[in-house]
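Note sheet for the following structure.
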Amino acid sequence: MQVLLANRPHGWVQESDFKIVETELPQVQDGEVLVKNLYLSLDPYMRNRMNDRKSYAAKTELGDTMPGGTVGEVAQSQNPQFNVGDIVLGSFGWQLYGISDGKGLRVLPHLSENVPVSMYLGALGMPGITAWIGLISIGQPRAGETVVVSAASGAVGSVVGQLAKARGCRAVGIAGGKAKCDYVVNELGFDACVDYKAGHLAEDLAAAAPNGIDIYFENVGGEILDTVLTQLNAFARIPLCGFISQYNATHPYGLRNFGALLTNRVKLQGFIVSEHFELLPQAMQELSQLFAAGQLKYHETVAEGLENAPAAFIGMLKGENFGKQLVKLA
């Protein structure tokens, strides 16, 4: 089973933009491995790859399998670097099986019961590494500073706040709804969380960050970014990870407070995690140590079955998930 891109969305993604097909598995050739995918990662970047326009990654062609990170088990191997039963991290996309010549596959270490394989698509995978690179390498936090992160209950934002706390910073989240804010503070250990749906974002953010904002980790864009710009300290840093509020917008939000970047001599830097893989060992070492010490907590929202991936993806874009959005395939 595979999920293909059937239509290019205009505005919000619809389930009709996807097509589910059954395909026969090809024979495994010399040097290849067949992987049975166990979990599929659903991530906001996939929305941009559905568009027919220039981006940092190639667009998905109509009729192609939707892209995505996967973790799976080697079912057959004609490649001496992989054994049947190995658990591997790959990018096979929205399908139950994948065939590879081994390039881009990473055999995961022996996993204890405390480390489910799904974590390598979340806090110990691309989202966690994204959080580390954006905050540590670009944001360069110093003890005592205030770090604000939008989409704070999501896969990336939740790790950003916990890394900030580990660096001695004040961690403030922005999330949608009381339940998410309670989770961010009570479970993840942030100092405060602002509910942007409550209707008084600027006032609540000023109360949560009374000394201003030194680092803003941007995942959302739109009105939230515009509000944060008015509360930045001089020489603040903005690691720019994403703009999920704008991915389905037919009339993009126009920033009114852009001049604050100049007034406060702010460093704003967009980044793509795949361009910083030289930092992966450093990031993984710290993330693994924090997890082993009980200082890196996570939450997963798991849809059952590949046929439910389109609905789960749309729900994630609407903010219906808590933490990392996954699809359990087997």
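The values are calculated or read from the model by the stated rules, or taken from the named source; none is laboratory data. Just so we're clear, the structure is a prediction, and the values are computed from it rather than from any experiment. With ideal geometry, Cβ positions are generated from the backbone for all residues, glycine too; neighbour counts draw on all protein chains shown.
The set of residues from the range 39-56 being surrounded by fewer than 21 Cβ atoms within 10 Å (Cβ to Cβ), modelled with pLDDT of 90 or more and either within 23 Å of E300 (Cβ to Cβ) or charged (D, E, K, R) (or both) comprises Y45, R47, R49. In the range 277-288, the residue that is surrounded by the fewest Cβ atoms within 10 Å (Cβ to Cβ) out of those that are at pLDDT 90 or above and more than 20 Å from K324 (Cβ to Cβ) is E278.
Considering only residues that are among the aliphatic types (A, V, I, L, M) and more than 11 Å from V147 (Cα to Cα), which ones fall in the range 209-242?
The first filter runs over the range 209-242 and keeps only residues among the aliphatic types (A, V, I, L, M), leaving 209, 213, 215, 220, 224-225, 228-229, 232, 234, 236, 238, 240.
Hits for the range 209-242 are V220, I224, L225, V228, L229, A234, L240.
Residue by residue, here is whether (1) among the aliphatic types (A, V, I, L, M); (2) closer than 19 Å to K328 by Cβ; (3) assigned by TED's automatic domain parsing to the domain that holds W94; (4) not in a loop (DSSP other than H, G, I, E, B) holds:
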| position | (1), (2), (3), (4) |
| --- | --- |
| D30 | no, no, yes, no |
| L38 | yes, yes, yes, yes |
| M46 | yes, yes, yes, yes |
| R53 | no, no, yes, no |
| T60 | no, no, yes, no |
| G63 | no, no, yes, no |
| V71 | yes, yes, yes, yes |
| Q76 | no, no, yes, yes |
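Looking across the range 1-29, just one residue is aromatic (F, W, Y) and modelled with pLDDT under 95, and that is W12. Inspection of the range 305-318 finds a residue satisfying the criterion of being among the basic types (K, R), outside the structural domain of L188 (by TED's automatic domain parsing) and surrounded by fewer than 17 Cβ atoms within 10 Å (Cβ to Cβ).
Looking only at the range 78-110, count every residue that is in a strand (DSSP E or B) and hydroxyl-bearing (S, T, Y) and tell me the total. Break it down stepwise before answering.
From the range 78-110, those in a strand (DSSP E or B) are 87-90, 95, 97-100, 106-107; that's our starting set.
The next check asks that each one be hydroxyl-bearing (S, T, Y); those that pass are 97, 100.
Counting residues in the range 78-110 that are in a strand (DSSP E or B) and hydroxyl-bearing (S, T, Y) gives 2.
No other residue among G139, G173 is touching a Phe, Trp or Tyr at 6+ places or on another chain (Cβ under 6 Å), buried (at least 21 other Cβ atoms within 10 Å of the Cβ) and in the same structural domain as T230 (by TED's automatic domain parsing) apart from G173. Filter the range 253-271 for residues that are under 17 Å from G139 (Cα atoms) and loosely packed, with under 13 Cβ neighbours inside 10 Å; which is farthest from the chain's Cα centre (by Cα)? The residue in question is R265. When the range 95-144 is filtered for residues that are within 19 Å of D43 (Cα to Cα) and of a type in the set (S, T, Y), the ones remaining, listed by number, are S118, Y120, T130.
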